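Trainee: Here you go, one structure.
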Amino acid sequence: MMAHRTFQLSGRSWGKAMAAEAARDGLGRVRRQISIESLLEWAFADECASIDFEDAGTLAPGYGAIGNAYLMAQRGALGCRIDGGGRSLPDPDADLVAAAVAMLPEGCGGRRMAVQIAELARARAMPDAFVGVQPRCEPKDWHVNPYGRRAKTMSLGIEIDSSGRKARRHDVQVCPVVYRPDGSQVASARRNYLQWWSALSELRITFEIHTNLSRWSVDECMPPMTPWKKTLAE
């Protein structure tokens, strides 16, 4: 489940709006401020970076297993570069972002969360936390025929009505109902959102400490930690 956001794009898509300010660091690099969420969207959606878990037997389906370093080593062994189709390689910073995502610790969700982060970043989305969703009471099951659908009922048994001159038998029918989404679904989705948020916080701190990106400087901006609480307050 994911909650999508809409953007107005011009030219090449750059994810969410990025700060225009650029600062020169101690190594002389001019780096632009960016949030961790925008950085992930740039790496996976714009640069099409791939996650490499380094052991081919456990690679997630749909994710590339090679990066720039591997390709350069292979070209060096071959002694030439082959012209032809394909696409340009991701920016080196994008490969660093993908590598950091692949190395997420188990406490932040490990490989499962790494794959989810990449998928959400490519879709420019965040996990669905059922923000503002009110549980609805619905029939547990439906009976569908060419004339439409109606709620399925079940019998509780026969009841004898002796209020009149003659006793009558009534088949007592009830309609089982459920609440969707139920409490367990909402709780599970919000636990997943909190773990996603924690993983982004871990990545933000990682890039803040190592400052190994040549083009970007990750700022302190983070998605809301518990967006559903604001809705409840309103």
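Trainee: In segment 118-234, which strands (runs of 3 or more DSSP E) lie fully inside it and hold 3 or more residues that are exposed (fewer than 13 other Cβ atoms within 10 Å of the Cβ) and touching a helix residue (DSSP H, G or I) at 6+ places or on another chain (Cβ under 7 Å)? Spell out how you get there, then give the answer.
Mentor: Details: elements: 125-127, 136-139, 142-145, 148-151, 154-161, 168-174, 177-180, 216-218.
No strands (runs of 3 or more DSSP E) qualify here.
Trainee: Further, regarding this structure: Inside segment 184-215, can you point out the residues that are of a type in the set (Gly, Ala, Ser) and under 20 Å from the mean Cα position of the chain (by Cα)?
Mentor: Ser184, Ala187, Ser188, Ala189, Ser198, Ala199, Ser201
Trainee: Give the residue, chosen from Arg165, Arg124, Arg111, that is in the same structural domain as Ser198 (by TED's automatic domain parsing), out of contact with any strand residue (DSSP E or B) (no Cβ under 8 Å at 6 or more places or on another chain) and not hydrophobic (A, V, I, L, M, F, W, C).
Mentor: Arg111
Trainee: Same structure, new question: Check segment 85-108 and report whether any residue there is under 20 Å from Arg191 (Cβ atoms), surrounded by 15 or more Cβ atoms within 10 Å (Cβ to Cβ) and without any contact (Cβ under 8 Å) to a residue 60 or more places away in the chain.
Mentor: Looking through segment 85-108, none of the residues is under 20 Å from Arg191 (Cβ atoms), surrounded by 15 or more Cβ atoms within 10 Å (Cβ to Cβ) and without any contact (Cβ under 8 Å) to a residue 60 or more places away in the chain.
The values are calculated or read from the model by the stated rules, or taken from the named source; none is laboratory data. These numbers come from a predicted model, not from an experiment. For neighbour counting, all protein chains shown are included, and Cβ atoms are generated from backbone atoms with ideal geometry for every residue, glycine included.
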